[in-house]
Amino acid sequence: MEIQAFATLVIPFILVVYLAALLFIRPTRSALLASLLGGVVMGVINMLFDLIAYYAHWWHYTLNGLILHLPIPFYVTPILVYGSFVYLLIWRFWHGRGHWFALLLVIGIPLFRATIDIIGSIVTQSSYTIFDSILAGPLDVLMWLVMFYGGFFVFTRIAPLDRRIEKEA
């Protein structure tokens, strides 16, 4: 039931907030498509890590309605929020006085999310993810680093952070 509730209650909210944020960020078409592709890369890497982690007994999800042991609707959050939206914020603030904020996002998002996963699973035990191995924490950090920077690599190859290059193309 948790996955159905997430799909019906949270995903529409994420979509509305994402679309509203696009009105304020005002990305170019190439930046928007690049951020979505980077987010999809992030989501696919997340799914692969979770699937490998399940079969290697590093961690697993304790939800009802899993598909192939994965909470498929949950991947909307890394795709749209931690992927596309964050990449667009980095793109918007990379030049100018907000450069510090873009750097904070580039460095902080993967570390923040890995910390939240570890605290939720080990310390407070309030997460849907149960760590089964001592390797789960370091591998979760590795997963978030690979996910975020893999998606960011795809994003910067399609929509460069240097807007002069984008205008020439």
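Data for the structure
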| item | result |
| --- | --- |
| Subset tally (residues that are closer than 21 Å to VAL106 by Cα and polar (S, T, N, Q)) for region 29-69 | 3 |
| Matching residues, region 41-70, being touching a residue at least 60 places away in the same chain (Cβ under 8 Å) and farther than 20 Å from LEU142 by Cα | THR62, LEU63, ASN64, GLY65, LEU66 |
| Boolean, LEU15 is under 19 Å from the mean Cα position of the chain (by Cα) and farther than 30 Å from ALA136 by Cα | yes |
| Any hit, region 139-152, residues being touching a Gly at 6+ places or on another chain (Cβ under 6 Å) and either touching a residue at least 12 places away in the same chain (Cβ under 8 Å) or assigned to a helix (DSSP H, G or I) (or both) | yes |
| Single residue of region 61-118 satisfying the filter (polar (S, T, N, Q) and closer than 20 Å to VAL40 by Cα) that is surrounded by the most Cβ atoms within 10 Å (Cβ to Cβ) | SER84 |
| Filtered residue count, region 36-60, keeping only those that are surrounded by fewer than 17 Cβ atoms within 10 Å (Cβ to Cβ) and of a type in the set (Phe, Trp, Tyr) | 1 |
| Helices (runs of 4 or more DSSP H) enclosed by region 1-98 - at least 2 residues per element that are of a type outside the set (A, V, I, L, M) and in contact with a strand residue (DSSP E or B) (Cβ under 8 Å, 6 or more places away or on another chain) | 29-55 |
| Residue check, PHE155 among the aromatic types (Phe, Trp, Tyr), in a helix (DSSP H, G or I), within 30 Å of THR28 (Cα to Cα) and touching a residue at least 12 places away in the same chain (Cβ under 8 Å) | yes |
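Each value in this text was obtained by applying a stated rule to the coordinates, not by laboratory testing. Being a predicted model, the structure only gives us computed values, none of them experimental. With ideal geometry, Cβ positions are generated from the backbone for all residues, glycine too; neighbour counts draw on all protein chains shown.
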